[in-house]
Structure formats: structure tokens, C-alpha cells
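Please treat every number below as a calculation from the coordinates, not as lab data. Computed from a predicted structure; not experimentally measured. Heads up, the Cβs are rebuilt from the backbone with ideal geometry, glycines too, and the neighbour counts pull from every protein chain shown.
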Amino acid sequence: MTGSMMVRARGLTMRYGDEDALVRAVDEVDLEVPAGQALAIMGPSGCGKSTLLHLLGGLQRPTGGEVWLAGRRIDTMSERALARLRRDSVGFVFQSFHLMDELTAVENVELAALLAGQPPGRARRRALHLLDRVGLADRATHLPSALSGGQRQRVAIARALSNEPLVVLADEPTGNLDSAATLEVLRLFEELRTTEQTLVVVTHDARIAAVADRVISMRDGAFADDTHLAVAGTGTVYDGRR
Amino acid sequence: MQDVVLAMLAKEPAHGYELRSRMREALGPLGETMNAGQIYVTLARLAKAGLVTSERADGLPDRPDRRVYALTPAGQQRVAAWLTEVSWPKPDLAEFHLKLVAAATARLADPVALVDAQRREVLRRMRDAQRAALDRSVDPVAGLLLEGVVLRLRADLEWLEECERMWTEHNRTGRKAGTA
Amino acid sequence: MAGRLLLVCRLLVRDLRRRRAETVLLLVAITAATATLTLGLALNELATRPYQQTKTATAGPDLVVEPGITGPEAIEALAPLTTLPGVTGHSGPYPLLFQALTAGALTARVVVQGRDGAPAAVDQPAVTDGTWVRPGGVVVERAFADALGVHPGDTVSLDGRPLRVAGTAVSTARSAYPHAGWHLPGSILTEGGGLAWVDRADIATLAGDQPLTYNLNLTVADPADSIAAVDPSHHDAANPRFRGWHMRTWQEIADSNGRLNAPAQQALLVGSWLLTVLAVAGVAGIVAGRVIGRRRRVGLLKAVGAGPAMIAAVHLAEYLVIGLAAAGTGLAVGWLAAPPLFRPTAGLIGSVGVQPPPLRLVVAATVLALVIAAAAALGPVLRAATTSTTHALADAAAPPRRRRWVIWLSRRLPTALLIGVRINARRPRRARLVMLNTLITTAALAAVLTNQVQDYDPVNLGYSDLPDPRVGRLLQAMLLIGGLACLLALLNTIVSTWAAVLDTRQPLAVVRVLGATPAQAGLGLAVAQLLPAVLGVAIGIPFGIELFLFFAGDGTYAPAPWMLAAGVGVLLAVAALTAVPAMAAARRPVADTLRSAPT
């Protein structure tokens, strides 16, 4: 029963290597994210949180388990269908921004809409609107090399929002940013949270986690702790690993 | 608190209520939780120590908040010395640390569970502080204080994660060895 | 100083060993450039060497004298010539007959010379197959034999009289087929024909009614001016004594042989320049493409304390070593490949490869290799030495080019084309190299096709029509150039595609994250490579045709469908070579190609 679950995973596993050198990047993870929730996944380096995010977004195929996104099962989808899914339902934000160096900010943002088949005029207008929303309206014609780290990430976030995604997945969005830039991005995430955008953020910075509705700690590929920040005292501790 | 109050009087004498409002302004949202009477108690102590003088203002009732306070030369000296001090407030983690040790030794509770609960609480505190800091209506100077609170809490959270790791390991080896 | 040198050497060796793949690739490319240049120059050498070699091997004459009179008077007229002061040796006089040789369905004019079984002092033809003359047998000159398709053991007929072919031989006493100098006895007009030898004893039977002409082979003291030894006035036409006589100097014979190769040589010369350009473009592609990561290594060197001078020294030394190695290999390959690839006229023996190449060839090849290596080194070295260490360590590629109008235009295109056009615009240098690659290849193919449709007159040998041997050699030369061009182009395309796949890994991954399907991404990359290829083909076809016609004089144009087919063929090859790796790369899950930080 998916109900209003935006993201759902059951028994999700990602294994690398063979018998002798088996690595379980993600180990039998169960997860349910209702629509509108802002979820932060924290954990030390190498605990598999980025891999989990990739699996949830269809960027990688799990070796075991099932993933549902907006009610559709994605671990068995073809690459082509996954591409369409990413186009219409998922927005990605990465640690290293992944903007095109030769395109201006507005051209970067409108690319997502152009790939979705939108006419160029509409794509451009939407891009400008989104840049305005993230506070970069005056930098629309700047190349990424002329933007600061925080500004670049904000352009990336605008791009992720371009096709009105059902869920935004962010992988260490402030990993490459200094303190001031982190604050800019934090503010944006807080705003997204208040607009009921389903958000899953992987981060090692507790500040980001702190603005989420729910924080999950991950260790060695499995969940160790699940805290809902809105209500004091609620939280689950996963005993599997103890 | 004492030095802060002295410093606020360094420029010119001020009424009690002025001092209080100035302090609340500088502290921003954190200032709201400040005890109203705290500052007057401090002023009384300072007066006793001879660092400030307190006078009754003309035409105003004789209440601590209406009195006019001014620095004495001794007070001035103290302010000058305080400004150049570089001592930093020590983080006090000893109490919590000892709590965990006690719980483990006396088998009162699972230290890991304690750490988890504490982490959750610290996380919630951090969330409140962070949300307050992000609020655009906060003036930048007060926002700076909130930033400092958030960053300190973040450091504390990191330490708590270390605690959890170590105590989990401790539990595991304890179980293996068959002893506590 | 010695310590510094040792350090440079050690760094050099370690560097080359670590980067085996790229070193080998660069080596191969520069070797290709050197080899093609060497081939072109070597084939030029092939024109002159074989004559000299054959002359030495057969003790060829410096002057061949054939009086205009026939019969015993001719022998008398020739007798005093052998004792002239300038003459060092002679053989003959040998009887000559001018007849027609029939082999199977073909009949051609033939000059028949009567020889003894015993070896002669001057002009002893070298037997290449079978045996020398014997009674009842005929030895056919090798080129002539090849043209007629006769082998030792076959039966041919001379003016109707059957004879057995005893063997084939080569000689420098007469120009090779088809200019053996056939003429009616007593006439000075010569026509085309072949050469054959029979036993002297058979001449009388074979002659029938024809009067016998005689020729004398002479070697002289001063080969530079052989006629002067016989006729000091230097002009047999003016001297009444030699009116009507045929005198052929060895230079004339050599030239005549050489002329057979003229069209082929020209084609090879032009072709080898084209090939060298192609090979250099290939090197440029390797260096410009990020197949070799230069900057990071410089950064590491800088980080351990090497100054700019040391860095430049290490890099230049590296490239020098590669250049010299490539020069040696290229020289060897080009020089040794020339003879088997392009046999000299069948009428001469040539074993050019056994001898070492001439000095100027070695110098030319080495200079070319070093220049290419230095040019390949200098650009990145200069850039690397001036980048800040952190930049160099980050090994950031040069930023892609921004073309506003391309970006604006491509917005309206469907996804695959949008991706392709934009990827193409990012790296103009690579696009130019792809264009050059296809341009030269298509030009070579167009030239070959144009050559095929030319209507070459058959050589006139009086009876049957036999193909002009020059045409055959030209075709051989053009096919050789065309084949090598295709090979080099293949290599270049593979390198170019490799560089393109590496370079576009990141942007294609991003585009796939945004929602492009693997098919669209792969197609986009293929389109990006195809766009400059189309331009190259479009320019290459007329360029190739005009190039050929420029050298060949006027000619007919090949039918358009052929050219179109050639162009489409090249494009299909490029498309296939690009599409396969592009699709393979695009099919992998996005997370594998995306360079996100590991967590």
C-alpha cells in the first residue's frame, strides 16, 4: 500500500564485488517517505548514503530489493523509462554542481525544460522565473566561472526544480561550499520545505539535517537511527546492527 | 554577565531599563529567554564591589530599573582589562561524559541509548537555532550569535556521534568478553 | 650538471613507463607521419635506383649503337668503333630482327636479338625466370612477358614460327617494354614493341626475308658523355658518317624507363604529402584530445619542487625520445615497405630495401619527426609551466568553447541533435581535425574513382591492344595511397572518438540525469562527430577530383552516384566507428559515469 508515499524502498541492497571481497554499500534498507516530507540522511564517509540516493533516483540499479517512486516501481525500469522518469519526476542536486561550463545560468536552467520537449520560449521564461526564485535574477547571463560556489549550487537547484519534480534528491549539496554559501543553500532548502516539496538530502553537515523534518543516521549501509524533529521524543533506533 | 554590563556603561551612564533593552537587542531571539531580573542583580553586585555607582534619577521612583548607573574609575580599569582578555569559554562536556561512564559502570542504563536521546535533543536545539538564524527579519549582528550557537551545537553533535561509535564498540567487546 | 641530467633521465624513464598507452599511441602516430613521408621519398628513389642496380647486375652498356644499314656492311661499319680510345669495352655486334610475337590471343611487335649461350662482357641480361637462350628457345624480356602473360615453358610464335619460352630476363641495353625501339630495318622511325632474345643460330631461320640489323653495346671511359667517345662532334644527325644510325645513351634509356613511372610517381608524391598531413592531424588529435593528461603530471613535478626549467627539460626530453624513436621506426617501416608495396617496372630488378637509405632521406624523416614531437610538446609545456600548481594538480581540461549562436539555434532542435550540435561546438579543434581527416580520405577516394573512369589509350604495339603499363602503375600507386589514407583515417577516427568519449563523459552524464535517454546521448555524440565529417566529405570530393585533374590534365568526371556512394561510405564508416563506443558508453548506468564525491 503505497498510499501517499512518495518514495518507498523495501529490502534495498547494493552489493559490489564477489565472494571474497564483498562490499555491501546498501544493506537491506526499508524506507518510506511521505509526500511533502523533508528527509535528511546523515552518516560518516563510506556508509553508503550517496549510493542509497542514487538507487532512489534511478541512477543506479540495485542488486536486490524494490524501489517505488510516486507509486511506480523503478528498479525494474529500462534505462529509457528511467530517463523519462528523471525528466518528469525527479530533480537532482549534486555536490559538484555539474553545470555546463559553456552555458550561462539561464541556459543551464532551461536545458532541463528543453530536454523535456518544451518550446524554447516557454523554457526560457520558466528558467528566468526560477532564477528569480532562488535569488539570482541579476546573474542570469553569467557563466558558471563568474559565479561563486553558493550561486552555482543555487543555479543547480533552480535547474532541478525546472520540470516541477515530485521529489528533489540532493547529494551533499553543501559539500563543496564554504560557510556563507552553505547558508544561502540552507535558506533555499528551508524555503522548499515550507512549500511542501518532497526533499531527500544526503549530507554530513548537521546544519542541513537540522532544517529537515526527519533525520536518518546511516552506518555501514544500514539505518542506525530515525528521528522526527518536529515532535520531541519521537525517534526510532534500529537494533539490527547492535 | 558582570563585565558585559560594565562595558555597556563605558560610554556614558544609563538607566537600568536602557541597559536591559540594549542587551536584549544585541542578543536577538536568544535575548528573549533572558531573565528580566538578572541584570539588576548584577548591577547590585557591581555596585557593592565598587565598580559602578547608582543614583536615583530625579522625578522617578526608586526602582532598580529607573536608577542611573555609572562607572567608577575602578570599573573603567576593569573594562579596559576585560576587552583585552583572550580567555575563551570552556566547553563543559565532563558532566555528560561522566554520566555515560556512570551508567555503564553501574549498569544503570545503556550508554548508547543515552547518547542517542541526547543527540536527538541537541539536533532539535540546533534546528530551532538554525531556523531562527535563517529568519531574514533577524538583524545580522544578532544573527551572528545564532550562527555561533549552531556551529557549537554542530561540534557537540560530532562529539556525540563519536561517543556513540565508541560506546557501541565498547558494548560489543564487553559482550564478547562476557564481562561488562 | 650530471646530477641534474641523471634526474631528468630518471624522471623521463619513470614517466614513459607509467604512461605506456599514451606513449605508444603518440609513437605510432608520429611513426605513421614519418613512414608516409619516407615512403613517398623512397618511392622516388625507386625510380632511379633499379636502373642503376640492373645496369650493374647486367653489366649494362653506356652506349648502344645500331647502324641504319643492314647486313654485313653494318658489321664492317661497327668494327672500328670497338677500338676507339674512349671505348673501354664492347659486346656484339648482335643480330636484330623486327617481327611480331604471338602468344595466345595477343600479338605484338617484338625486337629479337640473337645471343650466344656464353656470357658477354657488356650487357649480359639477368635471367629472372627459367634459363638463358638455347637453340629452339626464346627468352622474353620480363615486362613484356608479364604483359603478354607468358611463362617459361609456354609456346609462342615469332612471325608464325613456334618457339618455346625458355625463360625471362631483364636488360638495360634497350628501353623496357613498351619502348623497345622497334623499327623497320633501315628506318629511323621507332615504334612501340617488346624485346626477346633467341639463340644466334636460330636467327637465320627466323629471319626469313628480313635483312639483319646489328647492334653494338659499348662501355666508355666517360659515361657522362658516352656519345663523345664514338662521335666527337656529338651529333649523329649532323655527322654524315652516322646518318640513319640509332645511338642510345644509357641516360636516354634510363629516362625512358623512368617515364613509365612518371604518372605513378607524381601520384605517390602528392599522395604522400596528403598522407603526412593526415598523420600529423592524427598526432594533433592525440595531443589536443585529453587522451594524454599532461597538466597533472606537471603539477606533481611542481609540487615536489621542480622549477619550470626542469619541467620543460623533462617534457622536451620525453618528446625528443619519442620523436627519435618514431623517426627510426618510421624510416625503417617506410623504407622497407616501399619495394613490396610498389615494385619497380618489371623490366628492372630492384632490391632497394637491402641498402641503407640515403642521408638526405634520413635527415628529412628525422627532422619531420622531431618537429612534430616538439610541436606536440611545446603547446602543453608552455601552458603547463605557466599554470598555477593547484590548477595543474586539478588537471582541469581547457574550458569548452562557448558559441552563442550555436546554443541559441540548437534550442529548437530535437534532443539528440541538440546534444550533438552543442557537443560539437564545445571543441572546435577536434571538429576541425575530424573534418580534415574525412576531407583527405574522401579526396583520396574521389581521386581513385576519377582515375578509374579515365579513358586511357592502349599502347600501340601494332596488332593487339595491350594496356599502357603506365596506367597500371598509376592505378597501383593510387590504390596504395587510397588504402593507406583509409588506414590512417581509421586510426585517426578511433583516436578522435576515444578523445570525444572521454571528453563528453561528464556533460553526457549530466544530460542523462536531466532526462535524456541513453539512445539520445549516444546519438548526440555520434552526430557531434558526424557534423564536421559531412563538411569534410562535401569539400573532399571536389577537392580530390580537381587535384587529380590538375595533375592529369583534362579528363572525364566520374559519375555523380559513384562520388555520392564514396562520400556516404566514408560517413557511414565514421558513424559506425563513433556510434558503437558512444552507445556502449551511454548504456551504462548514470551513476557510474557521474563523478560525484564518494560517500
Rh (Kirkwood; distinct C-alpha pairs) - the range C:68-244, Å: 16.7 Å
Cα gyration tensor, the range B:67-142 - rounded (a/c under 1.5), prolate or oblate: oblate
Percent of C-alpha pairs per 20 Å bin, chain C, short to long: 17, 37, 26, 16, 4, 0
Hull volume in cubic angstrom per residue (convex hull over the Cα atoms of the range C:46-129): 158 Å³
Length released on extending from C:Trp405 to C:Ser157, taking residue separation times 0.36 nm less the Cα-Cα span: 81.6 nm
Dipole of chain C, positive end: most advanced residue of C:Gly462, C:Leu433, C:Leu418 [Cβ charges, Cα centre]: C:Leu418
Projected label distance in nm at C:Leu359 and C:Thr56, using a 7 Å step from Cα toward the beta-carbon: 1.8 nm
Sorted peptide list for A:177-186, A:19-28, criterion being average Cβ within 10 angstrom, highest first: A:177-186, A:19-28
Cα Rg, Dmax (largest Cα-Cα span) when computed across the range C:1-142, Å: 28.5, 85
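Can you pull the mean other chain C-beta count within 10 Å for peptide B:165-173?
For this peptide, the per-residue mean of nearby foreign Cβ atoms is 1.
What size of dipole, in debye to the nearest 20, comes out for the range C:90-161 about its Cα centre when the only charges are +1 on Lys and Arg C-beta atoms and -1 on Asp and Glu C-beta atoms?
120 debye
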Given charges at Cβ of Lys, Arg, Asp, Glu: the protein assembly as shown dipole, positive-most of C:Gln520, A:Ala40, C:Ser171: A:Ala40
Convex hull volume per residue for chain B, taking Cα atoms only, in Å³: 159 Å³
Test item: Cα-centred dipole of the protein assembly as shown, Lys/Arg +1 and Asp/Glu -1 on Cβ, debye: 3620 debye
Equivalent ellipsoid semi-axes, the range B:94-177, via Cα gyration tensor eigenvalues times 5, rooted, Å: 34, 10, 9
Expected 222 nm ellipticity per residue - DSSP helices of 4 or more, -39500 (n - 2.57), all of the protein assembly as shown, to 500: -18000 deg cm²/dmol
Surface/4 estimate of mean projected area, convex hull on alpha-carbon atoms of the range C:207-277, nm²: 8.5 nm²
Paramagnetic reach from C:Asp222 (point 7 Å along Cα→Cβ, amide N under 17 Å) across the range C:72-116: C:84-89
Sorted by Cβ density within 10 Å, fewest first, the residues B:Leu43, C:Leu439, C:Leu106, B:Leu153: C:Leu106, B:Leu153, B:Leu43, C:Leu439
Euclidean distance of C-alpha centroids, the range B:28-92 and the range C:428-475, integer Å: 103 Å
Sorted by Cβ neighbour density within 10 Å, fewest at the top, the residues C:Lys55, A:Lys49: C:Lys55, A:Lys49
Ranked by how many other beta carbons lie within 10 Å on average, peptides C:451-462, A:161-172 from highest: A:161-172, C:451-462
Value of D in µm² per second that Stokes-Einstein yields for the range C:402-599, Kirkwood Rh from Cα pairs, at 10 °C (1.306 mPa s): 84 µm²/s
Peptide A:200-207 - average C-beta neighbours from other chains (10 Å radius): 4
Under-5 Å amide H pairs with A:Arg214, H placed in peptide plane, nonlocal only: A:Ala38, A:Ala40, A:Leu229
Size of charge dipole - chain C - debye, nearest 20, with Cβ of Lys, Arg +1 and Asp, Glu -1, no other charges: 5620 debye
Ranking of C:Leu43, C:Leu195, B:Leu144 by count of other Cβ atoms within 10 Å, fewest first: B:Leu144, C:Leu43, C:Leu195
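At 20 °C and 1.002 mPa s, what whole-number value in µm²/s does Stokes-Einstein give for the translational diffusion of the range B:128-170, with Rh from the Kirkwood sum over Cα pairs?
184 µm²/s
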Taking the range B:1-85 and dividing mean pair separation by its residue count, relative contact order in percent (alpha carbons under 8 Å, at least six apart): 40 percent
Shielding by partners, peptide A:92-103 (average Cβ within 10 angstrom, other chains): 6
In the range B:80-120, the trypsin sites (Lys or Arg not before Pro) that fall in loop regions by DSSP, at most 14 other Cβ within 10 Å: B:Arg107
Degrees, to the nearest 10: C:359-386 long Cα axis against longest axis of chain C: 10 degrees
Among C:272-280, B:75-83, the order from most to least packed when residues are scored by Cβ within 10 Å on average: C:272-280, B:75-83
Kirkwood-based Rg to Rh ratio, the protein assembly as shown, C-alpha trace: 1.24
Kirkwood hydrodynamic radius (C-alpha pairs) into Stokes-Einstein, the range B:2-84, 20 °C and 1.002 mPa s, D in µm²/s: 166 µm²/s
Rounded if a/c under 1.5, otherwise prolate or oblate - the range A:123-212, Cα gyration tensor axes: oblate
Projected area averaged over orientations for the range A:95-163, convex hull of C-alpha atoms, nm²: 4.0 nm²
Which of C:Trp245, C:Leu7, C:Val406, positive extreme of dipole for the protein assembly as shown (C-beta unit charges): C:Val406
Label-point gap, in nm, between C:Leu535 and A:Tyr16 - each point 7 angstrom along Cα→Cβ: 4.1 nm
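Which value results when the Cα radius of gyration for chain A is divided by 2.2 N^0.38 Å? Please report the intermediate quantities before stating the final value.
Working: Rg = 17.9 Å, N = 242, 2.2 N^0.38 = 17.7 Å.
For chain A, the normalised Cα radius of gyration comes out at 1.01.
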